[in-house]
Amino acid sequence: MNIGIMAVALVKMAIGRPAHKRYPATLTDHQKWIVSLDAILAERSYGHRHLALYPLKRINSTQPRVSLKSSWGVTSPESFHSTLRWLATEGHRIQMAPVLGRQPVAWDFGRYVCIVRAGFAAGYVDEPGAWQLLSNAVAPVAQTYRSWREFADDFVAGRELWMRSAGAEWNGSQEETVSAVRSLLDPANGESPWQQVPWETIHRADQRTGGH
(Lines give C-alpha, C1' and ligand atoms only; values in the text may rest on other atoms or scores of the structure.)
Protein backbone atom coordinates (compact mmCIF):
# COMPACT_ATOMS: atom_id res chain seq x y z
CA MET A 1 0.00 0.00 0.00
CA ASN A 2 1.22 3.50 -0.80
CA ILE A 3 2.58 5.06 2.41
CA GLY A 4 0.94 8.41 1.64
CA ILE A 5 -2.49 6.81 1.16
CA MET A 6 -2.06 4.84 4.38
CA ALA A 7 -1.18 8.00 6.29
CA VAL A 8 -4.26 9.81 5.00
CA ALA A 9 -6.47 6.86 5.95
CA LEU A 10 -5.05 6.72 9.47
CA VAL A 11 -5.57 10.44 9.99
CA LYS A 12 -9.17 10.23 8.83
CA MET A 13 -9.81 7.29 11.15
CA ALA A 14 -8.51 9.36 14.04
CA ILE A 15 -10.00 12.80 13.39
CA GLY A 16 -12.56 12.43 10.61
CA ARG A 17 -16.11 13.62 11.06
CA PRO A 18 -18.20 11.26 13.24
CA ALA A 19 -20.24 9.05 10.94
CA HIS A 20 -23.40 9.21 13.03
CA LYS A 21 -23.62 12.97 12.42
CA ARG A 22 -23.61 12.53 8.66
CA TYR A 23 -25.86 9.48 8.66
CA PRO A 24 -28.30 10.03 11.54
CA ALA A 25 -31.20 7.95 10.20
CA THR A 26 -32.31 5.17 12.53
CA LEU A 27 -32.42 1.59 11.28
CA THR A 28 -35.29 -0.85 11.48
CA ASP A 29 -34.82 -4.13 13.31
CA HIS A 30 -34.52 -5.97 9.99
CA GLN A 31 -31.87 -3.54 8.75
CA LYS A 32 -29.88 -4.02 11.94
CA TRP A 33 -30.06 -7.79 11.46
CA ILE A 34 -28.84 -7.51 7.88
CA VAL A 35 -25.79 -5.35 8.66
CA SER A 36 -24.99 -7.71 11.54
CA LEU A 37 -24.15 -10.38 8.95
CA ASP A 38 -20.92 -8.39 8.63
CA ALA A 39 -20.27 -8.45 12.38
CA ILE A 40 -17.37 -10.94 12.28
CA LEU A 41 -15.29 -8.99 9.77
CA ALA A 42 -16.33 -5.66 11.29
CA GLU A 43 -15.28 -6.84 14.74
CA ARG A 44 -11.78 -7.44 13.37
CA SER A 45 -11.52 -3.96 11.80
CA TYR A 46 -10.08 -0.88 13.52
CA GLY A 47 -12.61 1.92 13.96
CA HIS A 48 -15.55 -0.29 12.99
CA ARG A 49 -19.19 0.44 13.70
CA HIS A 50 -21.92 -2.15 14.22
CA LEU A 51 -25.67 -1.71 13.66
CA ALA A 52 -25.22 0.94 10.99
CA LEU A 53 -24.95 0.98 7.22
CA TYR A 54 -21.79 3.09 7.30
CA PRO A 55 -19.14 0.67 8.62
CA LEU A 56 -16.75 3.13 10.29
CA LYS A 57 -17.08 5.42 13.29
CA ARG A 58 -15.61 8.32 11.32
CA ILE A 59 -16.11 9.38 7.71
CA ASN A 60 -13.26 8.00 5.65
CA SER A 61 -13.59 7.06 1.98
CA THR A 62 -9.88 6.28 1.59
CA GLN A 63 -9.70 3.25 3.90
CA PRO A 64 -12.63 1.33 2.34
CA ARG A 65 -11.38 2.07 -1.18
CA VAL A 66 -7.92 0.76 -0.31
CA SER A 67 -9.42 -2.29 1.40
CA LEU A 68 -11.72 -3.14 -1.51
CA LYS A 69 -8.90 -2.80 -4.00
CA SER A 70 -6.38 -4.88 -2.06
CA SER A 71 -8.82 -7.63 -1.04
CA TRP A 72 -11.13 -7.82 -4.04
CA GLY A 73 -9.65 -5.83 -6.90
CA VAL A 74 -12.65 -3.50 -6.67
CA THR A 75 -11.78 -0.06 -8.02
CA SER A 76 -15.04 1.22 -9.48
CA PRO A 77 -18.83 0.86 -9.25
CA GLU A 78 -18.64 -1.63 -12.11
CA SER A 79 -16.15 -3.96 -10.42
CA PHE A 80 -18.04 -3.49 -7.14
CA HIS A 81 -21.30 -4.76 -8.63
CA SER A 82 -19.54 -7.52 -10.55
CA THR A 83 -17.97 -8.87 -7.36
CA LEU A 84 -21.30 -8.82 -5.55
CA ARG A 85 -23.01 -10.67 -8.40
CA TRP A 86 -20.37 -13.39 -8.21
CA LEU A 87 -20.77 -13.77 -4.45
CA ALA A 88 -24.57 -13.83 -4.69
CA THR A 89 -24.78 -16.38 -7.49
CA GLU A 90 -21.70 -18.55 -6.98
CA GLY A 91 -18.99 -17.40 -4.57
CA HIS A 92 -16.87 -20.10 -2.97
CA ARG A 93 -19.75 -22.08 -1.51
CA ILE A 94 -20.38 -24.23 -4.58
CA GLN A 95 -16.80 -25.46 -4.88
CA MET A 96 -16.56 -25.92 -1.10
CA ALA A 97 -19.72 -28.02 -0.83
CA PRO A 98 -18.10 -31.36 -1.75
CA VAL A 99 -15.48 -30.88 0.95
CA LEU A 100 -17.74 -29.60 3.74
CA GLY A 101 -20.80 -31.62 2.80
CA ARG A 102 -22.82 -28.41 2.52
CA GLN A 103 -22.57 -24.96 1.00
CA PRO A 104 -21.09 -22.46 3.50
CA VAL A 105 -23.59 -19.72 2.67
CA ALA A 106 -22.38 -17.65 5.63
CA TRP A 107 -18.86 -17.37 4.22
CA ASP A 108 -20.07 -15.84 0.95
CA PHE A 109 -22.85 -13.66 2.28
CA GLY A 110 -20.96 -12.44 5.34
CA ARG A 111 -18.40 -11.05 2.92
CA TYR A 112 -21.14 -9.86 0.56
CA VAL A 113 -22.58 -7.62 3.29
CA CYS A 114 -19.10 -6.42 4.22
CA ILE A 115 -18.43 -5.39 0.61
CA VAL A 116 -21.74 -3.55 0.31
CA ARG A 117 -21.04 -1.55 3.46
CA ALA A 118 -17.49 -0.80 2.31
CA GLY A 119 -18.75 0.13 -1.14
CA PHE A 120 -21.21 2.57 0.38
CA ALA A 121 -18.42 4.15 2.43
CA ALA A 122 -16.21 4.28 -0.67
CA GLY A 123 -18.89 6.02 -2.73
CA TYR A 124 -19.52 3.16 -5.16
CA VAL A 125 -23.22 2.96 -4.29
CA ASP A 126 -25.73 5.34 -2.70
CA GLU A 127 -27.77 4.57 0.40
CA PRO A 128 -30.97 3.31 -1.31
CA GLY A 129 -28.86 1.21 -3.66
CA ALA A 130 -26.91 -0.27 -0.76
CA TRP A 131 -30.07 -1.36 1.03
CA GLN A 132 -31.40 -2.89 -2.19
CA LEU A 133 -28.21 -4.90 -2.56
CA LEU A 134 -28.26 -5.94 1.09
CA SER A 135 -31.81 -7.24 0.76
CA ASN A 136 -30.43 -9.95 -1.54
CA ALA A 137 -28.64 -11.54 1.41
CA VAL A 138 -31.72 -12.07 3.57
CA ALA A 139 -33.37 -15.13 2.04
CA PRO A 140 -30.23 -17.25 1.43
CA VAL A 141 -29.00 -16.71 5.00
CA ALA A 142 -32.31 -16.75 6.91
CA GLN A 143 -33.40 -19.95 5.18
CA THR A 144 -30.10 -21.72 5.87
CA TYR A 145 -29.41 -21.03 9.55
CA ARG A 146 -31.35 -20.95 12.81
CA SER A 147 -29.01 -18.93 15.01
CA TRP A 148 -26.04 -16.60 15.01
CA ARG A 149 -23.94 -19.51 16.26
CA GLU A 150 -24.84 -21.65 13.24
CA PHE A 151 -24.08 -18.73 10.95
CA ALA A 152 -20.75 -18.11 12.70
CA ASP A 153 -19.73 -21.77 12.66
CA ASP A 154 -20.26 -21.98 8.90
CA PHE A 155 -18.44 -18.70 8.30
CA VAL A 156 -15.43 -19.99 10.22
CA ALA A 157 -15.56 -23.34 8.42
CA GLY A 158 -15.69 -21.65 5.04
CA ARG A 159 -12.86 -19.32 5.94
CA GLU A 160 -10.70 -22.16 7.24
CA LEU A 161 -11.13 -24.04 3.97
CA TRP A 162 -10.43 -20.87 1.96
CA MET A 163 -7.22 -20.26 3.91
CA ARG A 164 -5.71 -23.49 2.58
CA SER A 165 -5.16 -21.71 -0.74
CA ALA A 166 -5.23 -18.07 0.37
CA GLY A 167 -1.50 -17.55 0.82
CA ALA A 168 0.96 -17.19 3.66
CA GLU A 169 0.07 -13.54 4.29
CA TRP A 170 -3.19 -14.68 5.88
CA ASN A 171 -1.58 -17.09 8.35
CA GLY A 172 -2.72 -16.44 11.89
CA SER A 173 -5.77 -14.45 10.94
CA GLN A 174 -8.05 -17.41 11.61
CA GLU A 175 -7.31 -17.07 15.31
CA GLU A 176 -8.45 -13.44 15.16
CA THR A 177 -11.63 -14.54 13.42
CA VAL A 178 -12.40 -17.19 16.01
CA SER A 179 -11.72 -14.66 18.77
CA ALA A 180 -14.12 -12.19 17.14
CA VAL A 181 -16.82 -14.88 16.95
CA ARG A 182 -16.29 -15.80 20.59
CA SER A 183 -16.73 -12.17 21.61
CA LEU A 184 -19.84 -11.67 19.47
CA LEU A 185 -21.50 -14.80 20.86
CA ASP A 186 -20.71 -13.95 24.50
CA PRO A 187 -24.03 -13.23 26.28
CA ALA A 188 -22.18 -10.84 28.61
CA ASN A 189 -20.99 -8.69 25.71
CA GLY A 190 -23.54 -5.89 25.61
CA GLU A 191 -21.72 -4.26 22.68
CA SER A 192 -22.21 -7.28 20.44
CA PRO A 193 -24.82 -6.67 17.73
CA TRP A 194 -25.72 -10.36 17.96
CA GLN A 195 -26.72 -9.89 21.59
CA GLN A 196 -28.72 -6.77 20.75
CA VAL A 197 -30.43 -8.20 17.67
CA PRO A 198 -31.53 -11.82 18.14
CA TRP A 199 -31.46 -14.13 15.13
CA GLU A 200 -35.25 -14.49 15.23
CA THR A 201 -35.60 -10.75 14.51
CA ILE A 202 -35.62 -11.28 10.75
CA HIS A 203 -38.63 -13.61 11.05
CA ARG A 204 -40.70 -11.08 13.00
CA ALA A 205 -42.55 -7.98 11.86
CA ASP A 206 -40.10 -5.17 11.19
CA GLN A 207 -39.90 -2.24 13.59
CA ARG A 208 -37.91 0.95 13.90
CA THR A 209 -36.53 1.03 17.43
CA GLY A 210 -33.88 3.75 17.36
CA GLY A 211 -30.10 3.74 17.05
CA HIS A 212 -27.93 4.62 14.06
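In segment 6-13, is there at least one residue being at pLDDT 95 or above and surrounded by 17 or more Cβ atoms within 10 Å (Cβ to Cβ)?
The answer is no; no qualifying residue exists.
When segment 116-169 is examined, which residues are found to be in a helix (DSSP H, G or I), open to solvent by 20 Å² or more (accessible area, probe 1.4 Å) and of a type in the set (D, E, K, R)?
Across segment 116-169, the qualifying residues are E127, R149, E150, D153, E160, E169.
Please pick out the residue among S82, S71 that is surrounded by fewer than 16 Cβ atoms within 10 Å (Cβ to Cβ) and at pLDDT below 95.
Answer to the check: S71.
Within segment 85-99, track down each residue that is open to solvent by 50 Å² or more (accessible area, probe 1.4 Å), part of a helix (DSSP H, G or I) and either modelled with pLDDT under 95 or of a type outside the set (V, I, T) (or both).
Correct list: R85, W86, Q95, P98.
Condition first: under 20 Å from the mean Cα position of the chain (by Cα), within 21 Å of G47 (Cβ to Cβ) and at pLDDT 85 or above. Now tell me which residues in segment 21-30 satisfy that.
Hit for segment 21-30 is L27, nothing else.
Mind listing whichever residues of segment 42-57 are crowded, with 20+ Cβ neighbours inside 10 Å and either aromatic (F, W, Y) or more than 15 Å from the chain's Cα centre (by Cα) (or both)?
Y54
Taking the stated definitions as given, is A39 buried (at least 17 other Cβ atoms within 10 Å of the Cβ), small (G, A, S), at pLDDT 95 or above and assigned to a loop (DSSP other than H, G, I, E, B)?
Here the answer is no, as A39 does not meet what is asked.
The values are calculated or read from the model by the stated rules, or taken from the named source; none is laboratory data. In this text, all values refer to a predicted model and were calculated from it rather than measured experimentally. All Cβ positions, even for glycine, are placed from backbone atoms using ideal geometry, and neighbour counts span all protein chains on display. Areas reflect the complete protein model, heavy atoms only, side chains present, ligands, DNA and RNA absent. Shrake-Rupley method; radii C 1.70, N 1.55, O 1.52, S 1.80 Å.
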